[in-house]
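Engineer: My questions will all concern the structure given below.
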Amino acid sequence: CASPTDESASFVLATVEVEGTEDLLPVFGPTIWRRTIAEISAKLVASLPPETAIYHSRTMRHNVILPTADFQEAMELVERVVRALNEPFLVENLPVAFVTHVGLARFPNHGDEIEELSRCALVALHACKNSDDDFSVYDPIWDRAQRGRYLLLQDLNDAMRRKEELLLHYQPKVDLKT
């Protein structure tokens, strides 16, 4: 195994999420859903170089090990993927459009173990889904913000369970009589 400082061992992990596929299962059933997932995978494979490793990890998510350590090159590849997967698919002769988001993380800069690298790519994916961007590159500052939001939500949920701890005040901003 190459050491984390060996530049030749660097690569970019892309977590690709295709939103909307989960809606097909209850509408069209499992056969059509599986066929559509296979078509998505085929488009993903066709839009990337042959040496790319692709893993279907969840219902609407693929992990892709891009054959480059260069973020500029990785972003160009990802733009091709997004264009390909955002083109409408024909499902039972109906055009169905999906929305594709991609989170990027680089080995070893963002993690030197696959679990940490996957987490960083997932954090970037969530950041991208909360913006108007098709993809995002992991930024460590998101970890602090994400942990802060998580802790705040936990505190809010705890306060709501203990009803006496949460008191809501509001001040009307508009008088409906005028």
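Engineer: List every residue pair whose Cβ atoms lie under 6 Å apart, where the two residues are 6 or more positions apart in sequence or sit on different chains, the first residue falls within region 165-178 and is open to solvent by 100 Å² or more (accessible area, probe 1.4 Å), and the second residue, located anywhere, is hydrophobic (A, V, I, L, M, F, W, C).
Structural biologist: These pairs meet every condition: Glu165/Ala159.
Engineer: I need a count of the residues in region 134-148 that are loosely packed, with under 11 Cβ neighbours inside 10 Å and in a helix (DSSP H, G or I).
Structural biologist: The qualifying residues number 4.
Quick grid of which residues meet (1) in a helix (DSSP H, G or I); (2) in contact with an Asp or Glu (Cβ under 9 Å, 6 or more places away or on another chain); (3) in contact (Cβ under 8 Å) with a residue 12 or more places away in the chain; (4) not aliphatic (A, V, I, L, M):
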site	(1), (2), (3), (4)
Pro49	no, no, yes, yes
Ala69	no, yes, yes, no
Gly111	no, no, no, yes
Cys120	yes, yes, yes, yes
His126	yes, no, yes, yes
Ser131	no, no, no, yes
Leu151	yes, no, no, no
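Engineer: I need a count of the residues in region 16-41 that are open to solvent by 60 Å² or more (accessible area, probe 1.4 Å) and in contact with a helix residue (DSSP H, G or I) (Cβ under 7 Å, 6 or more places away or on another chain).
Structural biologist: 1
For every residue, the table says whether it meets (1) farther than 30 Å from Arg149 by Cα; (2) within 13 Å of the chain's Cα centre (by Cα); (3) surrounded by fewer than 21 Cβ atoms within 10 Å (Cβ to Cβ).
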position: Lys43; (1), (2), (3): yes, no, yes
position: Ala46; (1), (2), (3): yes, no, yes
position: Ile65; (1), (2), (3): no, no, yes
position: Glu76; (1), (2), (3): yes, no, yes
position: Gly103; (1), (2), (3): no, yes, no
position: His110; (1), (2), (3): no, no, no
position: Ile114; (1), (2), (3): no, no, yes
position: Leu122; (1), (2), (3): no, yes, yes
position: Lys129; (1), (2), (3): no, yes, yes
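The values are calculated or read from the model by the stated rules, or taken from the named source; none is laboratory data. Because the structure is predicted, anything quoted here is derived from the model rather than measured. Every residue, glycine among them, receives a Cβ derived from its backbone with ideal geometry; neighbour counts consider all protein chains shown. Heavy atoms of the whole protein, side chains included, go into the accessibility calculation; ligands, DNA and RNA do not. Shrake-Rupley method; radii C 1.70, N 1.55, O 1.52, S 1.80 Å.
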